[in-house]
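Contents: one structure, followed by commentary.
Each reported figure results from applying straightforward, stated rules to the coordinates on display, with no laboratory input. Because the structure is a prediction, the values reported are computed rather than measured. Heads up, the Cβs are rebuilt from the backbone with ideal geometry, glycines too, and the neighbour counts pull from every protein chain shown.
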Amino acid sequence: MNFTKISRELIESLRDMGKIRPFTRNDFHGFCGVESPCPMIAEYEEEGIVLIIDGDAVELYADTGDGGFELIDQCDYIRELPVKTEKQLRIEAEIAAMEASIAALKAELN
């Protein structure tokens, strides 16, 4: 999973993990520029990212390590994110399995 680029797969993954939730009062202090009546936020501390969904706009931030966040990707129209076909998803899964097998074989060499 690529955690540096906004994609439907990233958003669906965060949703499936139960990470996406409505903004709280505290969230508005850090991200006060939101305009949606019900903005959403996903915090994935393990990967050091925060995703903000503000109406059609989506922003992806990386934890800078000093208590701040840096914008690393943004999308103005969430509906325009590409949708992958079943064939593309199947091929990507096969490639990931092959890459895992290759990594295991390389580990055996060492």
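Applying the condition of being within 23 Å of residue 67 (Cβ to Cβ) and in contact (Cβ under 8 Å) with a residue 24 or more places away in the chain to segment 7-30 and asking which residue is surrounded by the most Cβ atoms within 10 Å (Cβ to Cβ) yields 14. Note on segment 32-47: among residues that are in contact (Cβ under 8 Å) with a residue 24 or more places away in the chain and not hydroxyl-bearing (Ser, Thr, Tyr), the one that is surrounded by the most Cβ atoms within 10 Å (Cβ to Cβ) is 42. Residues that are touching a helix residue (DSSP H, G or I) at 6+ places or on another chain (Cβ under 8 Å) and among the β-branched types (Val, Ile, Thr) number at least 1 in the following strands (runs of 3 or more DSSP E) confined to segment 17-110: 20-22, 40-44, 49-54, 57-63.
Can you find, within segment 73-88, the residue that is farthest from residue 51 (Cα to Cα) among those that are within 19 Å of the chain's Cα centre (by Cα) and either exposed (fewer than 11 other Cβ atoms within 10 Å of the Cβ) or charged (D, E, K, R) (or both)? For segment 73-88, the residue satisfying everything is 84.
For residue 4, the conditions (1) touching a strand residue (DSSP E or B) at 6+ places or on another chain (Cβ under 7 Å); (2) buried (at least 16 other Cβ atoms within 10 Å of the Cβ); (3) among the hydroxyl-bearing types (Ser, Thr, Tyr); (4) in contact (Cβ under 8 Å) with a residue 40 or more places away in the chain are fulfilled apart from (2). Number of residues in segment 20-48 that are farther than 20 Å from residue 77 by Cα and within 10 Å of the chain's Cα centre (by Cα) equals 3. Scanning segment 41-71 for residues being under 15 Å from residue 5 (Cα atoms) and touching a Ser or Thr at 6+ places or on another chain (Cβ under 6 Å) gives a total of 1. Criterion applied to 43, 59 was being of a type outside the set (A, V, I, L, M, F, W, C) and in contact with a Lys or Arg (Cβ under 9 Å, 6 or more places away or on another chain), and the one residue passing it is 43.
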